[in-house]
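Read the structure below first, then the notes.
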Amino acid sequence: MKLHHLRNATLVIETEKHVILIDPMLGKRKTIAPFTLFRYKPKRNPLTALPKNSRDILSKVTHCLITHLHPDHIDKAGEVFLKRKSIPVICSIKDEKALTQRGLTIIQTLDYWEPQHFLDGKITGIPAKHGYGFIAKLMGNVMGFHIELQNEKSVYISSDTIFTEHVQKVLTELKPDIATVACGTARLDIGQPLLMRMDDILKFAVLAPGKVFANHLEALNHCPTTREELKQALIQNNLMSKTVVPNDGECVEY
């Protein structure tokens, strides 16, 4: 199995039989308005261009999973790509109507904690809480995914979430071989962080039974945590050996 990290939360899971795109933010630099105006510099998003090898990787995509509707997870360019290639989409039952209205081909919808057949294996929708305190309500519903394909390592896409009892349950009971974690510690101009603080990222990495794949870094103006800061914290806590912090365009083989 290969995990191709494209940018932010956009990644591609490539197996022998399937190529699954997660959360396609595929637009050019500066095509999305700033997410904060005061707390951090109001730069337009994304801050970085897609890596040069993304076209080749995207040309192989057979399916797409969408965790939630925020523009840094599905943007206009992502929608165009999915429509143009008629890529079958799998999403939360709560997002089906909105994504269908945008013209996407929804072939499967998931509810939380209800496993379903998926390709040659199964998939389970996992609750995600997008922020600490009241801000999580404003952020709306988010779904993570636990994916188990035949003869492949299991993957947990935790999505935009803080550390919760649901996250802990996946790591300790479902025991994914690979667990992705959004590490940018995003914040809006109001409220607490929208993603895990460093202590929760480290807790996630400690509890993960297999490998950890850190993303959602250095692509958006409201995500202050850098790859270097994350790496230093992982090194100090002896967690770097099980964690990868990929650069845009990097492929990690498992």
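Read the figures in this text as sums done on the coordinates, not as results from a lab. These figures come from a predicted structure and were not determined experimentally. Glycine also receives a Cβ, built like all others from the backbone with ideal geometry; neighbour counts cover every protein chain displayed.
In plain terms, the chain from GLN116 to THR226 could stretch by 36.0 nm, reckoned as 0.36 nm per residue minus the Cα-Cα distance.
Taking amide hydrogens as placed 1.01 Å from N in the peptide plane, the amide H of PHE118 sits under 5 Å from those of ILE123, each at least 5 positions away in sequence or on another chain. The calculated 222 nm mean residue ellipticity attributable to helices in the chain amounts to -5000 deg cm²/dmol, summing -39500 (n - 2.57) over DSSP H runs of n ≥ 4 and dividing by all residues.
Starting from the Cα gyration tensor of the chain, take the square roots of the eigenvalues, sort them a ≥ b ≥ c, and report rounded, prolate or oblate (rounded when a/c is under 1.5, otherwise prolate if a/b is larger than b/c, else oblate). Rounded, because the longest to shortest axis ratio a/c is under 1.5.
Net length available on complete extension from THR31 to LYS43 is 3.3 nm, with 0.36 nm assigned per residue and the Cα-Cα distance removed. Here THR105 and ARG55 are evaluated by their C-beta separation; at R0 = 30 Å the FRET efficiency comes out at 0.90. Spin-label model, LYS17/ASN238: points 7 Å from Cα along the beta carbon direction are separated by 4.1 nm.
Exceeding 32 Å between C-alpha atoms, which entries from my cross-link table qualify? They are LYS2/LYS41; LYS97/LYS211; LYS30/LYS97; LYS97/LYS242; LYS52/LYS94. Beyond 32 Å: LYS2/LYS41; LYS97/LYS211; LYS97/LYS242; LYS52/LYS94. Summarising the amide proton neighbourhood of THR105: residues at separation of 5 or more, or on other chains, whose placed amide H is nearer than 5 Å comprise VAL89. Our estimate of slack between VAL252 and LYS83, defined as 0.36 nm per intervening residue step minus the Cα-Cα distance, is 58.1 nm. Scoring 170-182, 63-75 by mean Cβ neighbours within 10 Å over their residues and listing the highest first yields 63-75, 170-182.
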